[in-house]
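To keep things clear, I will list the structure first and then write my remarks on it.
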Amino acid sequence: MILNERDSRHEHVLQVAQQMMTAARTAPKGKGIDVIEVAMVTGEDIQKLADKMIAMVEEHGMKFFLRDADNILQAECVIIIGTRACAQGLNCGHCGFSTCAARTEGVPCALNTVDVGIAVGSACATAADMRVDTRVMFSAGLAAQRLEWLKDCQMVLAIPVSASSKNPFFDRKPKEKPAQ
């Protein structure tokens, strides 16, 4: 039997993405409290994510969302990692408020934000170990957050995953909005 890499690549990338999700789950968490949510976006949902990113340009004018939307369409899948809001009760002031109780609604606990960063780093390290290409995207994460794909998560980052002869997530050119 001869198995050409091209015939098994997609399945392999999805297996690596599952390992990335495990790495995010097992990453250290502040005070040992797990407030992380992790999911994989595949198939038609990648197009839905790209469409949401394009629509968001109208509200904020950040044109790099157009480039990133085009970019995720080249991914085999997209990992999304977010945190549920949960003040850790340290009263550390790292969020900018003197106590957790003084924190304004919508301001994330700094530990929650750090937890997302550590989980993303762990997932990307796993991808690097497995020699697949990734890029962390706040744009796709914000779109996934707006789509409410990770329930009750306020800080979401996305990681498109690819395995091709050249990493599609680097050497990117700005993209203008298509004429309507």
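Structure summary
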{"read-out": "Accessible surface, the range 52-148, averaged per residue in Å² (probe 1.4 Å)", "value": "46 Å²"}
{"read-out": "Gyration tensor verdict on the range 64-180 (Cα atoms; rounded if a/c is under 1.5, prolate if a/b is larger than b/c, oblate otherwise)", "value": "prolate"}
{"read-out": "Helix-derived mean residue ellipticity, 222 nm - over the chain, DSSP H n ≥ 4, -39500 (n - 2.57), to 500", "value": "-14000 deg cm²/dmol"}
{"read-out": "For the range 2-107: relative contact order, % (alpha-carbon pairs under 8 angstrom, 6 or more apart)", "value": "27 percent"}
{"read-out": "Loop-resident sites, the range 56-161, for GluC sites (Glu not before Pro), counting at most 10 other Cβ within 10 Å (DSSP)", "value": "Glu105, Glu148"}
{"read-out": "Whole-percent carbon and sulfur share, accessible surface of the range 101-167, 1.4 Å", "value": "55 percent"}
{"read-out": "Dipole of the chain, positive direction: furthest Cα of Ser165, Leu111, Ala85, with charges on the beta-carbon", "value": "Leu111"}
{"read-out": "Sulfur and carbon atoms: percent of accessible area, the range 1-90 [1.4 Å]", "value": "49 percent"}
{"read-out": "Anchor Lys29: aspartates and glutamates whose Cα lies under 17 Å away (excluding residues fewer than 8 positions away in-chain)", "value": "Glu37, Asp115"}
{"read-out": "Accessible surface of Thr22 - all protein chains present, 1.4 Å probe, nearest 10 Å²", "value": "80 Å²"}
{"read-out": "Longest DSSP-loop-exposure-free segment, trypsin sites (Lys or Arg not before Pro), the chain, at most 10 other Cβ within 10 Å", "value": "1-130"}
{"read-out": "Net charge of Cβ neighbours under 14 Å - reference Lys48; Lys, Arg +1; Asp, Glu -1", "value": "-2"}
{"read-out": "Environment charge of His12, counting only residues whose C-beta is closer than 15 Å and scoring Lys/Arg +1, Asp/Glu -1", "value": "-3"}
{"read-out": "Relative contact order (percent, whole number), the chain, Cα cutoff 8 Å, 6+ residue spacing", "value": "30 percent"}
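The values are calculated or read from the model by the stated rules, or taken from the named source; none is laboratory data. Everything numeric here is computed off the predicted structure, so don't read it as measured data. For neighbour counting, all protein chains shown are included, and Cβ atoms are generated from backbone atoms with ideal geometry for every residue, glycine included. Surface accessibility is based on the protein's heavy atoms, side chains included, excluding ligands, DNA and RNA. Shrake-Rupley method; radii C 1.70, N 1.55, O 1.52, S 1.80 Å.
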